[in-house]
Amino acid sequence: MIDWKKYLIVFLITLSLFLTASYLSNYFGSKKINQLKLIQDEIAINILSSETQFALLSESSCKNVSDSVLSGELDELGRKLEWSQENLGSTDEVSYLKKYYSLLQIKDYLLMKKIATGCKVKSAFILYFYTTAENCSECERESLVLTSLRDKYPELRVYSFDYSIDLSAVKAMLQIYKIKDTELPALVLDDELLTGFHSIEELESRIKESFKLQEIKPMDDKVNS
Amino acid sequence: MASISNLIFYILIFFAVYVQVFFFVTFLENRKKIIIRNGRIKLRSYPAVTIVVPSFNEEKTIYKTVCSLLNLSYPKDKLKIFLIDDGSTDGTWNIIRRFRSYPNVKIFQKENGGKYTALNLGLTQTETDFFGGLDADSFADTESLVRIMSCFEKDESVMAVAPSVTVHNPKNFVQDAQNAEYYMGVYTKKMLGFLGAINVTPGPLTIFRKKVFNDLGPYRHGHNTEDMEIAYRMQKNDYKIEHCNDAYVYTNTPTTVRKLYRQRLRWIYGFINNTIDYRSVLFRKKYGNFSFFTLPTGIVSILIVSYLFGKIVYNLADFLYSKFLVLNTVGWHFTGRTINFDLFFLDIHSSVFLIIFIYSLVVFAIIFGRRMAESKWVISFNMLYFLLLFKIIAPFWLMNAVFNTILKRKPTWR
């Protein structure tokens with residue numbers, strides 16, 4: 001009375017639909033990863049080129065160099081990586097990309113620092129250390145504060161690093177600033193270490209100072225020249 | 001925790017896809033058997049039929065209902081119509097009395113006892129070999145009865161035939177949404193008919209052989225869904241139920257979300273409790289597809305909706321909490337950044353593709369159901385209304401019915 005063959009056939013069809021769906025999911029996932037790799041390569045080339053340009057021309061090209069560095073692209077890449085980690089899972093590829101991203105951030109930071117001293121420009125940098133290894137609600141809130149600040153001040157550069165990332169360059173930074181995992185979230189602002197949560201008002205006033213310096217300097221230059 | 005929830009989610013999606021594929025395969029197997037007749041048909045013989053119209057406070061619609069029966073293209077001397085007033089408190093009885101002089105109409109008035117008691121009163125008075133009911137809020141198409149009777153003529157073993165029920169004159173968003181749903185119902189019922197697994201013999205104009213009631217006894221309360229209980233009982237006793245897709249009955253549907261909610265609460269409560277009553281039928285080879293497909297499908301859909309309900313509540317709480325966190329940490333703040341639509345952020349979980357697949361088959365069911373009911377292909381916005389409205393409120397009446405069952409709270413009729 002019951003057509004068991006049909007139940008089996010429908011089961012097999014359903015199974016193949018599942019496999020197709022997971023194939024599609026993987027296919028689009030790897031496309032996204034490739035897209036991220038492309039963006040990263042582009043940023044890497046940009047940083048390398050700015051670095052080389054700066055080394056070649058030294059102080060004479062201060063204006064050109066600072067214009068050509070692209071922090072907006074780094075931000076976008078950061079957002080996409082974060083999304084990928086949530087939606088594609090922490091696969092080997094995603095964590096590899098994350099390492100690469102951290103490295104690019106450090107390179108960008110160093111270059112900007114060099115430019116800042118070489119061209120006598122004071123830029124507002126924040127180094128931000130957080131953790132995903134454990135539940136860190138303070139980190140979540142600090143991230144919100146930083147995102148909101150970055151929206152308000154487009155010139156502000158926030159470099160964020162996962163504390164638990166397995167990358168020697170990041171570990172070196174942790175050593176330099178003596179950051180411990182018990183004190184997360186941690187911020188480095190103007191070479192000063194701030195641990196624990198800091199409110200938007202507090203950071204804003206600190207950043208404003210930083211910005212003022214930056215704004216005053218070129219005016220001084222003009223007056224001097 | 002998240003991975004367990006994910007696993008459950010994928011298991012439920014698997015079942016949902018399975019059910020839709022099962023229907024679709026059934027459709028492909030039987031598509032040549034689906035005939036849509038236009039115009040009149042002739043029978044070899046016209047057996048006598050009794051149609052009972054049970055009514056309780058239906059003064060607005062019963063006149064038209066009775067007229068639709070009087071206009072049926074069926075020999076007048078072979079059609080007995082019983083109008084039964086189940087203790088109405090409005091003008092229903094006065095309207096019924098206007099039909100007392102018709103030779104084939106009999107009228108009854110009784111104390112209110114519920115729809116099944118009115119139907120049973122009709123049953124005791126029935127002398128014909130065929131018996132059926134027509135809800136007093138529904139209208140039969142002139143060709144409906146003769147087409148239904150043709151199914152009995154074709155197959156001696158058929159014990160009951162259900163018609164295609166669609167929405168009468170939809171006037172607003174809520175009824176438009178139900179319109180699409182009823183078209184899907186036509187498709188579903190036809191497929192269940194092919195599988196021999198129909199679980200409801202709807203109040204609007206299902207015709208039975210009187211033998212069914214002689215053998216199995218009269219209607220029961222059936223948790224206020226007597227038309228479901230009798231179908232379960234017939235399935236349990238291996239009595240064949242068919243669906244006649246080109247016999248049309250138009251029913252008045254709830255006009256507001258509130259009324260719809262009450263109706264569906266009653267239906268789902270009926271499904272849950274009749275299924276509990278007939279649990280011995282589940283997964284038994286001798287009860288066929290009804291036991292292995294129809295009932296499990298109903299149970300799985302309740303599980304799916306319960307899961308989705310939990311998920312929606314969780315997501316909503318999570319969303320509110322994150323908004324609260326933002327508000328609490330950075331205050332009101334609008335980003336000057338324009339939100340760029342970036343394809344990168346499109347969700348590509350495999351569940352997305354499966355859900356798209358399920359929805360496409362649902363849309364196919366609605367379109368094909370409409371084709372069976374109106375013999376034309378129409379794509380309408382009603383589908384969108386249906387998917388939207390039911391997605392939002394169906395979880396609530398379903399959960400409500402589950403809770404009522406647990407708390408043993410019986411829903412009222414309206």
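The values are calculated or read from the model by the stated rules, or taken from the named source; none is laboratory data. This one's a predicted model, so the numbers in the text were calculated from it and none came from an experiment. Glycine also receives a Cβ, built like all others from the backbone with ideal geometry; neighbour counts cover every protein chain displayed.
So for region B:103-111 (the condition being of a type in the set (A, V, I, L, M, F, W, C) and farther than 22 Å from B:Arg220 by Cβ), does at least one residue qualify?
Checked against the condition, which is being of a type in the set (A, V, I, L, M, F, W, C) and farther than 22 Å from B:Arg220 by Cβ, region B:103-111 yields at least one hit.
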Failed condition for B:Phe324, given (1) more than 23 Å from B:Leu192 (Cα to Cα); (2) buried (at least 19 other Cβ atoms within 10 Å of the Cβ); (3) within 14 Å of chain A (Cβ to nearest Cβ): (2)
Which of the residues spanning region B:112-145 are more than 14 Å from B:Leu69 (Cβ to Cβ), charged (D, E, K, R) and surrounded by 20 or more Cβ atoms within 10 Å (Cβ to Cβ)? B:Lys115
Within region A:77-95, take every residue that is closer than 18 Å to B:His349 by Cα and in contact (Cβ under 8 Å) with a residue 60 or more places away in the chain and give me the one that is surrounded by the fewest Cβ atoms within 10 Å (Cβ to Cβ). A:Glu93
Long-range neighbours under 8 Å by Cβ, at least six apart or interchain, first residue touching a residue at least 40 places away in the same chain (Cβ under 8 Å) within region B:178-201, second surrounded by fewer than 22 Cβ atoms within 10 Å (Cβ to Cβ) and of a type in the set (Lys, Arg): B:Phe194/B:Lys33; B:Gly196/B:Lys240
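Listed here are the residues, each with its yes/no results for (1) farther than 18 Å from B:Leu303 by Cβ; (2) in contact with a helix residue (DSSP H, G or I) (Cβ under 6 Å, 6 or more places away or on another chain); (3) in a loop (DSSP other than H, G, I, E, B); (4) modelled with pLDDT of 90 or more.
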residue: B:Ile358; (1), (2), (3), (4): no, yes, no, yes
residue: B:Ala365; (1), (2), (3), (4): yes, yes, no, yes
residue: B:Lys376; (1), (2), (3), (4): yes, no, yes, no
residue: B:Ser380; (1), (2), (3), (4): yes, no, yes, no
residue: B:Lys408; (1), (2), (3), (4): yes, no, yes, no
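This table checks each residue for (1) modelled with pLDDT of 95 or more; (2) within 16 Å of the chain's Cα centre (by Cα); (3) not hydroxyl-bearing (Ser, Thr, Tyr).
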position	(1), (2), (3)
B:Asn169	no, no, yes
B:Leu192	yes, yes, yes
B:Thr201	yes, yes, no
B:Phe208	yes, no, yes
B:Val212	yes, no, yes
B:Tyr232	yes, yes, no
B:Ile241	yes, yes, yes
B:Thr275	yes, yes, no
B:Tyr278	yes, no, no
Inside region A:96-149, the number of residues satisfying the requirement of being touching a residue at least 60 places away in the same chain (Cβ under 8 Å), more than 14 Å from chain B (Cβ to nearest Cβ) and of a type in the set (A, V, I, L, M, F, W, C) is 11
Output the number of residues of region B:268-280 satisfying the condition of being surrounded by fewer than 17 Cβ atoms within 10 Å (Cβ to Cβ) and not hydroxyl-bearing (Ser, Thr, Tyr). 3
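To keep it simple, each residue is scored yes or no on (1) of a type outside the set (A, V, I, L, M); (2) closer than 20 Å to B:Ile299 by Cα.
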site: B:Val174; (1), (2): no, no
site: B:Leu195; (1), (2): no, yes
site: B:Val200; (1), (2): no, yes
site: B:Pro204; (1), (2): yes, no
site: B:Asp246; (1), (2): yes, no
Answer residue from region B:1-36, given it is surrounded by fewer than 20 Cβ atoms within 10 Å (Cβ to Cβ) and within 22 Å of B:Met159 (Cβ to Cβ) and is nearest to the other protein chains (Cβ to nearest Cβ) among those: B:Asn30
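Scan region B:88-96 and tell me whether some residue there is closer than 22 Å to B:Lys189 by Cβ and either assigned by TED's automatic domain parsing to the domain that holds B:Arg371 or buried (at least 17 other Cβ atoms within 10 Å of the Cβ) (or both).
There is no residue in region B:88-96 that is closer than 22 Å to B:Lys189 by Cβ and either assigned by TED's automatic domain parsing to the domain that holds B:Arg371 or buried (at least 17 other Cβ atoms within 10 Å of the Cβ) (or both).
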For B:Val161: the one exception among (1) in a helix (DSSP H, G or I); (2) under 20 Å from B:Phe290 (Cβ atoms): (1)
Verdict on B:Asn224 being surrounded by fewer than 24 Cβ atoms within 10 Å (Cβ to Cβ), in contact with a strand residue (DSSP E or B) (Cβ under 9 Å, 6 or more places away or on another chain), touching a residue at least 24 places away in the same chain (Cβ under 8 Å) and polar (S, T, N, Q): no
Search result, residues across region A:25-48 that are facing chain B (nearest Cβ under 9 Å) and buried (at least 16 other Cβ atoms within 10 Å of the Cβ): A:Ser25, A:Phe28, A:Gly29, A:Lys32, A:Leu36
Qualifying residues in region B:353-377 (those that are facing chain A (nearest Cβ under 8 Å) and within 28 Å of the chain's Cα centre (by Cα)) - the one surrounded by the fewest Cβ atoms within 10 Å (Cβ to Cβ): B:Phe357
